[in-house]
Amino acid sequence: MTASSGRENPGPEHLPVFPTGTGVDGGVAAPAASRTRPGPRGRSRRPGGSTWRVPTALIALTVIPVIAGSLRLLELAGGPVLLPTNPRIDASPTPVVVHVVAVTLFALLGAFQFSTRLRRRRPGWHRRSGRVLVVTGLGVAGSGLWMTLFYAGAPGGYLLWAVRLLVGSAMAASIVLAFTAIRRRDIPTHRAWMIRAYALAAGAGTQLFTQGISEPVFGTGDLPKALSMTSGWLINIAIAELIIRRPARRRGRRAADAQTRALMVGSP
């Protein structure tokens, strides 16, 4: 009690506390002049609310090719034949086994690398899984290149053959560049190259849609097949480049806003 007013002076425990993620840093309420501006009404931001959206979407994109590859492995292990027969695979199954196992691990494990919250909370897991991704990613690219070079008579003609060589080489180069970038602690460059590698590896998921649209309209000839599969990779790369450049645009906007505020403060 204070002698002058007879009213209880509230301690810190009675002051309002703002929850984290509402536009105000958690803790005791700041004076009105120093509070950050609240966000739009009706759009409360929950910490981690969108943590799993991107990984879930990526897994959904790749799940059908992963299932198809698993059925092929089951067939090669002596199980029932559930997919169309492929004499090239029957004659040399080892590259297919390597490709399916590697791409399954790369697609599923790589999807969780897109969770910012998971990377920040478990950096050790991120580093360990990153090593696995380097090995499996090179396995995907290497086995894909081997099958392109040594499996004769693959559909799609010379155009698709050349595109597959380009995609496999680009994926391998992306992983090597990502690895060298993280070795010198260049995280933005590492992030950019790994995103590109994942986009190329996930091409089969997008190609389900591009081929599904192309075949009823243009048929199943070599040229339509080559163009529809190429468009799947191009769509993925375009989306990857948008994701890579988005943080740079945000940093540029924040820098411009800070410069504008500094000019306003310094103006008479």
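Checking each residue in segment 88-135 for being outside any helix (DSSP H, G or I) and farther than 20 Å from residue 146 by Cα picks out 115, 122.
If you go through segment 83-123 and pick out every residue that is under 21 Å from residue 54 (Cβ atoms) and not polar (S, T, N, Q), you end up with 17. Evaluation of residue 70 against the conditions (1) part of a helix (DSSP H, G or I); (2) surrounded by 15 or more Cβ atoms within 10 Å (Cβ to Cβ); (3) of a type in the set (Ser, Thr, Tyr) shows that the sole unmet condition is (2).
From the list 173, 226, 181, the lone residue that is over 14 Å from the mean Cα position of the chain (by Cα) and surrounded by fewer than 18 Cβ atoms within 10 Å (Cβ to Cβ) is 173. One residue alone among 116, 85, 94, 104 is crowded, with 16+ Cβ neighbours inside 10 Å and hydroxyl-bearing (Ser, Thr, Tyr), and that residue is 104. Going by the structure shown, is residue 212 small (Gly, Ala, Ser), assigned to a helix (DSSP H, G or I) and over 26 Å from residue 95 (Cβ atoms)? It is true that residue 212 is small (Gly, Ala, Ser), assigned to a helix (DSSP H, G or I) and over 26 Å from residue 95 (Cβ atoms). Restricted to segment 189-212, and to residues that are farther than 16 Å from residue 61 by Cα and without any contact (Cβ under 8 Å) to a residue 40 or more places away in the chain, which residue is surrounded by the fewest Cβ atoms within 10 Å (Cβ to Cβ)? Ranking the qualifying residues of segment 189-212, first place goes to 189.
Every number here is computed from the coordinates shown, using simple stated rules; none is lab data. It should be emphasised that the depicted structure is a prediction, and the values quoted were computed from it without experimental measurement. For neighbour counting, all protein chains shown are included, and Cβ atoms are generated from backbone atoms with ideal geometry for every residue, glycine included.
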